[in-house]
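Contents: one structure, followed by commentary.
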Amino acid sequence: MTLYIAQFTAKHRIIQVEENSIFMWRQDSGEIDTSMLADKIKRESSVHFFNMVAGKNYKIDLEDITVTIWRAEPFNG
């Protein structure tokens, strides 16, 4: 398994705050499926970020979040 790192921006359809961050994950060596990676980032990072920003009275739907992956590469740190 190879450790990868990605730089991304997540935006919510209504909330005016953006998440600019990095995401690390392990996968077998090979091509990075950016569509599957964006979905993984939404589920494991962005939904929690926007829940913290919005508070408990607003439900965050994954469909309202868009993720742009700027860079993704093996991590050698």
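Data table
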{"item": "Filtered residues of the range 32-54 (kept if of a type outside the set (D, E, K, R), surrounded by fewer than 14 Cβ atoms within 10 Å (Cβ to Cβ) and farther than 14 Å from Val17 by Cβ)", "result": "Ser35, Met36"}
{"item": "Members of the range 7-54 that are in a loop (DSSP other than H, G, I, E, B), at pLDDT 95 or above and within 18 Å of Glu73 (Cα to Cα)", "result": "none"}
{"item": "From Ser21, Ser35, Ser29, residue being within 9 Å of the chain's Cα centre (by Cα) and without any contact (Cβ under 8 Å) to a residue 60 or more places away in the chain", "result": "Ser21"}
{"item": "The range 58-77 residues that are farther than 14 Å from Arg26 by Cα, paired with ones that are among the hydrophobic types (A, V, I, L, M, F, W, C) and surrounded by fewer than 13 Cβ atoms within 10 Å (Cβ to Cβ) (beta carbon under 8 Å, 6 or more apart)", "result": "Asp64/Ile14"}
{"item": "Qualifying positions in the range 55-67 - surrounded by 14 or more Cβ atoms within 10 Å (Cβ to Cβ) and outside any helix (DSSP H, G or I)", "result": "Ile60, Ile65, Val67"}
{"item": "Meets criteria (modelled with pLDDT of 95 or more and loosely packed, with under 13 Cβ neighbours inside 10 Å) for Met1", "result": "no"}
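The values are calculated or read from the model by the stated rules, or taken from the named source; none is laboratory data. Owing to the predicted nature of the structure, the values given are computational and were not obtained by experimental measurement. In this analysis, Cβ positions are derived from the backbone assuming ideal geometry, glycine residues included, and neighbour counts consider all displayed protein chains.
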